[in-house]
Amino acid sequence: SNQVASGSSPHGNLEERGDTYDGTYSGVDLTERTLSTKKLISQSYLGNETEEDAILPILPLIRDSIVRSHARGIENAILVGDHADGVYGTSQAAFDGLIAIAAAADSSGSHLTQSATAFASESLTAATLLNARKKMGKYGINPRDVIYIVNSTEYFNLLSDAEFQDVNLVGNMATKLNGEIGEVFGSKVIVCDEFATPAVSKFYGAAVYAKNYVMPRLRGVTIESDYEVANQRRVLVASQRLGFTDMIANATSVHALQYKGS
């Protein structure tokens, strides 16, 4: 319960705006967030014949492939983890990604916008991204804190948008003049290949306030190898434990963009 300044557990008088000072010293309320992790594991095999016949060392190439595989796996989980559009499905094999968080928290269009344009005619514009940022409320005020993530199809559509081209010619945002294409009204645009193949009702973009998300790690990447005598091959296993979650639950810190349904 509220305590006065002289109470046994005073909260002070720092309170959310809109409350009037009435002597109750209600203070700031804190809540707990539970951080959990998932294990990401991959394996690859190197047969004796392959290693013996090759003129180049094969093992370093396989290790590089494992690193790339983990990087793509993490990217897919962050974007579409525990969602039908992701490779891990919806059975909690992966943590909730940005699209799953937006879809679960959506109400009255506050976290998700489905296009009113037919899928065949859809073409992403700077105005669409700005509208997504606007729906983020206070989390979209500072353009440098917002990141747009889009699929490659809509990124190329964005490049042909007249408003986007104008924005990239103005002041310190003149990325077109210095050889970089990647900002909309001061916010970075990132192209991601982990969106589902463009189709009706599929997601193609998201506006994200990245500061509201954390990635807890219990340990980094561990690569182990063993030799199977009977199979005459070497097996390499890479694993790590990491998670992804929002610090303030149900905040409008992500706004997803979806193609129109059929």
message: I want the local charge near LYS39. Using Cβ-Cβ distances under 11 Å, sum +1 for each Lys or Arg and -1 for each Asp or Glu among the other residues.
response: +3
For PHE244, net neighbour charge (Lys/Arg +1, Asp/Glu -1) across residues whose Cβ lies under 13 Å away: 0
- prompt: Once you list every other residue whose beta carbon is under 12 Å from the beta carbon of SER110, what net charge do they have if Lys and Arg are +1 and Asp and Glu are -1?
  reply: +1
query: Which semi-axis lengths, in whole Å and largest first, follow from the square roots of five times the eigenvalues of the Cα gyration tensor of segment 217-258?
result: 41, 14, 6
Distance violations [Cα-Cα > 20 Å] among LYS202/LYS260; LYS134/LYS188; LYS134/LYS211; LYS211/LYS260; LYS135/LYS188; LYS138/LYS211: LYS211/LYS260
- request: From largest accessible area down, sort TYR209, TYR88; use a 1.4 Å probe on the protein chains.
  value: TYR88, TYR209
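The values are calculated or read from the model by the stated rules, or taken from the named source; none is laboratory data. Just so we're clear, the structure is a prediction, and the values are computed from it rather than from any experiment. Reconstructed Cβ throughout: ideal geometry from the backbone, glycine too, with neighbour counts over all protein chains shown. When the accessible area is computed, the model is the full protein with side chains, heavy atoms only, and any ligands, DNA or RNA have been set aside. Shrake-Rupley method; radii C 1.70, N 1.55, O 1.52, S 1.80 Å.
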